[in-house]
Every structure is written in C-alpha cells, then in structure tokens.
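A.B. asks: Following this message is one structure expressed as structure tokens.
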Amino acid sequence: MNRSSFFRIGFGLLLLTSPAFAQEPKIPRPEHPRPDAMRARWANLNGRWDFRFDAQDQGLRERWEKPGVAGYNQTIVVPFPWESELSGIHQIQGAPKVGWYRRLFRIPTEFPAGERVWLRFGAVDWRADVWVNGRKVAEHEGGYTPFEADISDAVERAGENVVVVRALDTTDPSLPTGKQVGWYTPSSGIWQTVWLEARPKAYIADFRIVTKIGPASVHVKAEIAGLDRKSTRLV
C-alpha cells in the first residue's frame, strides 16, 4: 500500500467516525410487544430516559414530576431494570427502592387528529405513578401486568411533551415477586416496552379466539370500548 492509499483510507475512516456520520443509538426491543394486537399507528418509547434515584423518598413532596425539574443526573436505557447492566445503571447492592424516569416525546404526525392518544406500559415493577406534562395520568400496582392511560387531554399535539414515571419496588416477599427474592437478580422499575398508540373513539379493547376440534369451529370474542353505552362483548 502506497502512502496516498493509506491517507485515503484513513480519511474515509475519519469521516465515518465523525459526529456528522454517527448514527443514533438503536431502539432496544423495537418490535411491538403484542404483535397479535398491534394497531396501525403506534410509536416505541424505549431507549434513553433521564433517571434519578430517590433514596429519601422525597420526590413526591418536592414535585419531581414537574417539567424542567433539575436533578435527573443519570441516563437509563428502557426497558431494562436498573439492576441490569443493559440499563446502563447496573446497581444491585444498596440500590434505593424508588427511581424516577423522565423522557421528552412528540406525538407522531401519522396519528390522526380525531383519534385518542394512549400511553402503554408492558410492566413496571412494582408500583408506578405516571405524569404527562405535570398532569397525573395513571397509577398502577403490580410488577407483572400491563397498564395504559388515555393521555389525549394532557399532551400537546404539535409540540414537545414530557412523561415522568415514579417506580417503587420494595421487593417485599409478601408481594408476588417470583424468584427475585433469594434466587435471581431483582428487576425493578420499567422492565417492559413503553409505547404510544392512536385509537378511534370506539375500539377493540380486548379479544379472544376460541377454537374447537370437533366439530371444527372458531369463535372470536371481542370487547368493544368507547361506545356511548356500556362496553359490549361481541361473539
């Protein structure tokens, strides 16, 4: 290799590693968590969130859910628990029981103006309190079950929004903890996918497919929500 070829290769490598050519970090677990129930318009919120521990459990008193509050001094990769190395925190021994998450987001332009915007969590261990733009939109207990909130009235359609999550995990043996107590590493905080989705006013809230071998048959049961009357189950 002559000197001119060496410099051309070196210059090319410099370009590829420069900030202008640097790629954004890939979204972890980019797939929809429920491919059997994926809606036409949705947006994955996994990735890097601002984070801070709350060792003294003072965040509620000091209103850490308010937009622009200082002190979120770490970054965590959602949807990995703060004990996991993949989260970027990797704190197991002596980790506080409370962690606060914060992330900016925009409503995708593909979401129709006439449809509602829902914020969904696959799981947060153990208790979650959720705010959007400083407004409380959800609270949930149970580290293994999904939950959701209609945030249509809390978001700015054309602007930037902020979601804040307070996660409390006492890892109490009196609660359903599986093998996290005394067997495996605990999984605290957000540990399943977070996403947005657009829904019309009336939508399928849940469905079930029931099959039989003899006589061969398939029945689809769907629960419709958002109607003027009480939700109706169709068969």
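A.B. asks: Any residue at all in the stretch 133-148 that's part of a loop (DSSP other than H, G, I, E, B), open to solvent by less than 20 Å² (accessible area, probe 1.4 Å) and either out of contact with any Pro (no Cβ under 6 Å at 6 or more places or on another chain) or closer than 26 Å to Gly68 by Cβ (or both)?
C.D. replies: Residues of the stretch 133-148 part of a loop (DSSP other than H, G, I, E, B): 133-134, 142-146.
Restricting the remaining residues to those that are open to solvent by less than 20 Å² (accessible area, probe 1.4 Å) gives 142-143.
Remaining after also requiring either out of contact with any Pro (no Cβ under 6 Å at 6 or more places or on another chain) or closer than 26 Å to Gly68 by Cβ (or both): 142-143.
Yes, the stretch 133-148 contains a residue that is part of a loop (DSSP other than H, G, I, E, B), open to solvent by less than 20 Å² (accessible area, probe 1.4 Å) and either out of contact with any Pro (no Cβ under 6 Å at 6 or more places or on another chain) or closer than 26 Å to Gly68 by Cβ (or both).
A.B. asks: What residue, of Glu65, Glu115, Glu31, Glu110, is within 21 Å of Ala149 (Cα to Cα), open to solvent by 50 Å² or more (accessible area, probe 1.4 Å), among the acidic types (Asp, Glu) and touching a residue at least 60 places away in the same chain (Cβ under 8 Å)? Outline the logic, then answer.
C.D. replies: Details: Glu65 fails: open to solvent by 50 Å² or more (accessible area, probe 1.4 Å); Glu115 fails: open to solvent by 50 Å² or more (accessible area, probe 1.4 Å); Glu31 fails: touching a residue at least 60 places away in the same chain (Cβ under 8 Å).
So the residue among Glu65, Glu115, Glu31, Glu110 that is within 21 Å of Ala149 (Cα to Cα), open to solvent by 50 Å² or more (accessible area, probe 1.4 Å), among the acidic types (Asp, Glu) and touching a residue at least 60 places away in the same chain (Cβ under 8 Å) is Glu110.
A.B. asks: Still on this structure, I have one more. Given Arg52, Arg103, which one is surrounded by 13 or more Cβ atoms within 10 Å (Cβ to Cβ), of a type in the set (Lys, Arg) and under 21 Å from Phe147 (Cα atoms)?
C.D. replies: Working: Arg52 fails: under 21 Å from Phe147 (Cα atoms).
It is Arg103.
A.B. asks: Now for a separate question. Considering only the stretch 75-93, state which residues are part of a loop (DSSP other than H, G, I, E, B) and over 15 Å from the mean Cα position of the chain (by Cα). It would help to see each step written out before you state the result.
C.D. replies: Looking only at the stretch 75-93, we keep the residues that are part of a loop (DSSP other than H, G, I, E, B), and these are 79-84, 88-93.
Within the stretch 75-93, Glu83, Ser84, Gly88, Ile89, His90, Gln91, Ile92, Gln93 meet the criteria.
A.B. asks: Could you figure out which of (1) at pLDDT 95 or above; (2) more than 23 Å from Ile27 (Cβ to Cβ); (3) part of a loop (DSSP other than H, G, I, E, B); (4) open to solvent by less than 30 Å² (accessible area, probe 1.4 Å) isn't true of Val155?
C.D. replies: Only one criterion is unmet by Val155, namely (2).
A.B. asks: Further question on the same structure: Please count how many residues of the stretch 160-175 are open to solvent by 20 Å² or more (accessible area, probe 1.4 Å) and modelled with pLDDT under 95.
C.D. replies: Here the count works out to 6.
A.B. asks: Only one of (1) of a type in the set (Val, Ile, Thr); (2) open to solvent by 40 Å² or more (accessible area, probe 1.4 Å); (3) over 22 Å from Ala154 (Cβ atoms) is not met by Ile89, so which one is it?
C.D. replies: Here Ile89 clears every test but (2).
The values are calculated or read from the model by the stated rules, or taken from the named source; none is laboratory data. Given the structure is predicted, the values throughout are model-derived calculations rather than measurements. Cβ: placed from backbone, ideal geometry, glycine included. Neighbour counts: every protein chain shown. Protein only, heavy atoms only, side chains kept; ligands, DNA and RNA dropped before computing areas. Shrake-Rupley method; radii C 1.70, N 1.55, O 1.52, S 1.80 Å.
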